[in-house]
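The values are calculated or read from the model by the stated rules, or taken from the named source; none is laboratory data. Here the structure is a predicted model, which means the values were calculated and not measured. Cβ placement follows ideal geometry from the backbone for every residue including glycine, while neighbour counts extend to all protein chains displayed. The area values use the complete protein model at the heavy-atom level, side chains included, leaving out ligands, DNA and RNA. Shrake-Rupley method; radii C 1.70, N 1.55, O 1.52, S 1.80 Å.
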Amino acid sequence: MGRHDVEGITESQARAEFLSHLLRDIKALDYMLANGQIESGITRIGAEQEFCLTDKQWQPAMNAPEILETIEDKHFTSELARYNLEINLDPLELKGSCFSDMEADLRRLLKLAKSKVEAQDSRIVLTGILPTIGLKQLEMDYMTPSPRYYALNDMIKK
């Protein structure tokens, strides 16, 4: 979900331009809120489910980008680490059987992921932070190869 088109910001002028765009977006949101342009009168619920990939010894498996390519479903997206993926569920109106419907959708998507993950000799662990990671798995080699994540890393370091 979402776009991952990113350029790293290296110069102060580029940072100032980025901040200007960010402030413009905040003003646009403020305008939309003030002028009733945000949906109201309806309550929706949505969710995301992060999961980790491990090998047969429960160590992080670095094959999330490859697995993501095989899944071919818009609900799945990458995460920062090469051993993480995320499912973004469709928002549902908060009424009736929405929780059961959401559970059924999540189970369907996890089943799809499981078939792709097992085909690559890996396992799914439903956790945000894999308890078997060590300092090595926090190194750059374990980061998902994406300009978005490299730019995020550079900005954090600065």
I need a count of the residues in the range 81-102 that are under 24 Å from Ala119 (Cα atoms) and either buried (at least 19 other Cβ atoms within 10 Å of the Cβ) or not charged (D, E, K, R) (or both).
8
Pair list, Cβ < 7 Å and 6+ apart or interchain, from the range 134-151 residues that are closer than 12 Å to Tyr83 by Cβ to residues that are assigned to a loop (DSSP other than H, G, I, E, B) and open to solvent by 20 Å² or more (accessible area, probe 1.4 Å):
Tyr142/Met62; Tyr142/Arg82; Met143/Leu80; Met143/Arg82; Thr144/Glu79; Thr144/Leu80; Thr144/Arg82
Of all residues in the range 115-131 being of a type in the set (Val, Ile, Thr) and either in a helix (DSSP H, G or I) or modelled with pLDDT under 95 (or both), which is nearest to Glu66 (Cα to Cα)?
Val117
Give the residue, chosen from Leu33, Leu23, Leu29, Leu19, that is more than 23 Å from Asp105 (Cα to Cα), open to solvent by 100 Å² or more (accessible area, probe 1.4 Å), part of a helix (DSSP H, G or I) and of a type in the set (A, V, I, L, M).
Leu33
Please indicate, with yes or no, whether at least one residue in the range 49-62 is within 22 Å of Arg148 (Cβ to Cβ) and open to solvent by 80 Å² or more (accessible area, probe 1.4 Å).
no
Within the range 140-157, can one find any residue that is among the β-branched types (Val, Ile, Thr) and either loosely packed, with under 12 Cβ neighbours inside 10 Å or in a helix (DSSP H, G or I) (or both)?
yes
Taking the range 39-48 and keeping residues in a loop (DSSP other than H, G, I, E, B) and open to solvent by less than 70 Å² (accessible area, probe 1.4 Å) leaves Ile42, Gly46, Ala47
For the range 81-114, how many residues are under 20 Å from the mean Cα position of the chain (by Cα), farther than 26 Å from Lys136 by Cβ and part of a helix (DSSP H, G or I)?
11
What are the residue pairs meeting all of these: first residue in the range 66-80, first residue farther than 11 Å from Val117 by Cα and part of a loop (DSSP other than H, G, I, E, B), second residue of a type in the set (Phe, Trp, Tyr) and open to solvent by less than 50 Å² (accessible area, probe 1.4 Å), Cβ atoms under 6 Å, and 6 or more apart or on different chains?
Leu80/Tyr149
